[in-house]
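The values are calculated or read from the model by the stated rules, or taken from the named source; none is laboratory data. Not measured: the values here are computed from a predicted model. Here the Cβ positions follow ideal geometry from the backbone for every residue, glycine too, while neighbour counts run over all protein chains shown.
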Amino acid sequence: MIIKSKQFILRPFKKGDEFSLAKNINDIKVIRNTLIPFFPYTLKHAKDWVKKNLKEDKKKKPEMINFVIDINEEVAGSVWFATIEGYMAEIDYWLARKYWNKGIMTKAIKLVTKFGFDKLGFKRIYGYVFPFNKSSMRVLEKAGYKFEGILRKNTKKGNRFIDDHLFAKVK
């Protein structure tokens, strides 16, 4: 599935994406806001992730659906349904720092959310955000997601337990 906008293209991962993925996600300010447990993010990590996505894309009932945010034929970020459970899914996302504050992630989340509701039949899409990631909270709000509450010590990252702010959009 390919979704086009004026600023970017949303598309599945493909072989060759490993290099721009590793380059653009290997930034401590990006990694700290994700569930990625390691830094630096190496080419080996990128190869494993692309391979996992290619395998997932072949499944009749995938456990996750990932869209690359393609800008100038490189992986500038991605938005994906990380957990799919019947009528609902968890949305996750990241964007290379050089593309922050340009409205790209809000637009990408809106497009992927619409796809989830209209094409996949989801009734609820939700996302978790760390308490220190105010920009990500704002992105979800601008994409029409509503704050539902705080889940205390919901995520373990490294040796720390972190609260999650839960946001959701329902159809």
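If the Cβ limit is 9 Å and pairs must be 6+ apart or interchain, which residue in segment 1-13 that is farther than 17 Å from Y99 by Cα pairs with which residue that is among the polar types (S, T, N, Q) and not in a strand (DSSP E or B)?
What qualifies is P12/N53; F13/N53.
Quick one: would you say L111 is under 14 Å from the mean Cα position of the chain (by Cα) and over 24 Å from Y41 (Cα atoms)? Show your work before the answer.
On the way: under 14 Å from the mean Cα position of the chain (by Cα): yes; over 24 Å from Y41 (Cα atoms): yes.
Yes, satisfied.
Starting from residues that are part of a helix (DSSP H, G or I) and surrounded by fewer than 13 Cβ atoms within 10 Å (Cβ to Cβ), keep the ones in segment 18-69 and report whichever is farthest from the chain's Cα centre (by Cα).
Across segment 18-69, the extreme among qualifying residues is K44.
Looking at the structure I just gave you, is N154 closer than 19 Å to L21 by Cβ, without any contact (Cβ under 8 Å) to a residue 60 or more places away in the chain and surrounded by fewer than 16 Cβ atoms within 10 Å (Cβ to Cβ)?
no
Check whether at least one residue in segment 102-115 is over 22 Å from V30 (Cβ atoms), crowded, with 20+ Cβ neighbours inside 10 Å and of a type in the set (D, E, K, R), and report yes or no.
Within segment 102-115, not a single residue is over 22 Å from V30 (Cβ atoms), crowded, with 20+ Cβ neighbours inside 10 Å and of a type in the set (D, E, K, R).
With respect to A76, determine if the residue is of a type in the set (A, V, I, L, M), crowded, with 16+ Cβ neighbours inside 10 Å and modelled with pLDDT of 95 or more.
Working: of a type in the set (A, V, I, L, M): yes; crowded, with 16+ Cβ neighbours inside 10 Å: yes; modelled with pLDDT of 95 or more: yes.
Yes: the conditions hold for A76.
To keep it simple, each residue is scored yes or no on (1) touching a residue at least 24 places away in the same chain (Cβ under 8 Å); (2) in contact with a helix residue (DSSP H, G or I) (Cβ under 9 Å, 6 or more places away or on another chain).
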| residue | (1), (2) |
| --- | --- |
| L95 | yes, yes |
| I104 | yes, no |
| D118 | no, no |
| R124 | yes, no |
| G127 | yes, yes |
| R138 | no, yes |
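Check I84, I31 and return the single one that is touching a Pro at 6+ places or on another chain (Cβ under 8 Å) and closer than 26 Å to G158 by Cα. Show your work before the answer.
On the way: I31 fails: touching a Pro at 6+ places or on another chain (Cβ under 8 Å).
Result of the check over I84, I31: I84.
How many residues does segment 116-131 hold that are within 16 Å of L35 (Cβ to Cβ) and either surrounded by 13 or more Cβ atoms within 10 Å (Cβ to Cβ) or of a type in the set (D, E, K, R) (or both)?
Of segment 116-131, the ones within 16 Å of L35 (Cβ to Cβ) are 126-131.
From what's left, either surrounded by 13 or more Cβ atoms within 10 Å (Cβ to Cβ) or of a type in the set (D, E, K, R) (or both): 126-130.
Count: 5.
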